[in-house]
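What follows is a single structure, written as structure tokens, with notes after it.
The values are calculated or read from the model by the stated rules, or taken from the named source; none is laboratory data. Since this is a predicted model, take the numbers as computed values, not measurements. No Cβ is skipped: glycine too gets one built from the backbone with ideal geometry, and neighbour counts run over all protein chains shown. Just so you know, the surface numbers come from the protein's heavy atoms only, side chains and all, with ligands and any DNA or RNA stripped out. Shrake-Rupley method; radii C 1.70, N 1.55, O 1.52, S 1.80 Å.
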Amino acid sequence: MALGGLGVRAAPFTYAAHALAVAAAAMVLVWAIQFRGGLAIEATNKNLIFNVHPVLMLIGYIIIGGEAIMVYRVLPTTNHDTTKLIHLILHGIALVLGAVGIYFAFKNHNESGIANLYSLHSWIGIGTITLYGIQWIIGFVTFFFPGAAPNVKKGVLPWHILFGLFVYILALANAELGFLEKLTFLESSGLDKYGTEAFLVNFTALVVVLFGASVVVAAIAPVRLEEPQGYAPIPEN
């Protein structure tokens, strides 16, 4: 059954997603700056370089990517070409920031003498950013420039939406793996399992789950509810 048939509209979920995005961004910044010592492009303390990774992956890749997905629901009355351009640009920004975030993970590992690509998180991460890039390129060529024929666009669109949501859900799942992996490493190094930082990381991960769920529901729910076929309001008299 379509979500519209259940009386579900996109708008409440877009509002929830915006609020959760602000919360998640604030929480990951507090974690990186207050608990992990800050952010750095170059530093003797290589952990400061790594801290750029979760910040960019969450704010850049997950949050901006989610906003790109929701743009058609957030701006339903805006000119379609304008909305399409915003969608394209936001996804492009998310892709670039995601790639830069991955670079900082490699930079930290290389400068710290840590092996690369040994975990499930890293494997899925590389696969997801690659699929994201392929999705963006196909979307650009098909819907923006040079643009495919109308009948081709019509045929590609459902698959573009489906594959886009699949890649985004994969990115969300990998973000959760990332939180779990980092917290496990910290706890194995002595971090209090019931301390403030551990709770902050876990609650940040929960907020990301709720944000992602809100984005996906907003993407598949209708902007407005339509009356069921054959429905007629009961007359007042």
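Can you spot a residue in the range 123-145 that is open to solvent by 80 Å² or more (accessible area, probe 1.4 Å), in a loop (DSSP other than H, G, I, E, B) and under 27 Å from G155 (Cβ atoms)?
yes
Which condition from (1) open to solvent by less than 40 Å² (accessible area, probe 1.4 Å); (2) among the polar types (S, T, N, Q); (3) within 30 Å of P222 (Cβ to Cβ) is the one that N79 breaks?
(1)
Give me the residue from the range 111-122 that is surrounded by 13 or more Cβ atoms within 10 Å (Cβ to Cβ) and of a type outside the set (A, V, I, L, M) and, out of that set, farthest from the chain's Cα centre (by Cα).
Going through the qualifying residues, I end up with E111.
May I ask you to list the residues in the range 101-156 that are charged (D, E, K, R) and free of Cβ contacts under 8 Å to residues at least 40 places away in the same chain?
K153, K154
What is the one condition in (1) without any contact (Cβ under 8 Å) to a residue 24 or more places away in the chain; (2) in contact with a helix residue (DSSP H, G or I) (Cβ under 6 Å, 6 or more places away or on another chain) that E176 does not satisfy?
E176 satisfies all of (1) without any contact (Cβ under 8 Å) to a residue 24 or more places away in the chain; (2) in contact with a helix residue (DSSP H, G or I) (Cβ under 6 Å, 6 or more places away or on another chain) except (1).
Test K182 against the stated conditions and say whether it is farther than 21 Å from G66 by Cα, of a type outside the set (G, A, S), part of a helix (DSSP H, G or I) and modelled with pLDDT under 95.
Judged against the criteria, K182 is not a match.
Going by what's in this entry, would K154 be described as open to solvent by 80 Å² or more (accessible area, probe 1.4 Å), among the basic types (K, R) and modelled with pLDDT of 95 or more?
Against the criterion (open to solvent by 80 Å² or more (accessible area, probe 1.4 Å), among the basic types (K, R) and modelled with pLDDT of 95 or more), K154 does not qualify.
Here's a check for you: in the range 86-104, which residue that is aliphatic (A, V, I, L, M) and open to solvent by less than 30 Å² (accessible area, probe 1.4 Å) is nearest to Y72 (Cα to Cα)?
L88
Can you list the helices (runs of 4 or more DSSP H) lying wholly within the range 35-80 that have 1 or more residues being modelled with pLDDT under 95 and more than 20 Å from E176 (Cα to Cα)?
Once the helices (runs of 4 or more DSSP H) in the range 35-80 are filtered for at least 1 residues that are modelled with pLDDT under 95 and more than 20 Å from E176 (Cα to Cα), what remains is 64-74.
Hey, can you tell me all the residues within the range 87-111 that are among the small types (G, A, S) and either in contact with a Lys or Arg (Cβ under 9 Å, 6 or more places away or on another chain) or farther than 23 Å from M70 by Cα (or both)?
A105
What single numbered condition from (1) under 21 Å from F211 (Cα atoms); (2) surrounded by 20 or more Cβ atoms within 10 Å (Cβ to Cβ) fails to hold for P12?
If we test P12 against (1) under 21 Å from F211 (Cα atoms); (2) surrounded by 20 or more Cβ atoms within 10 Å (Cβ to Cβ), just (2) comes out false.
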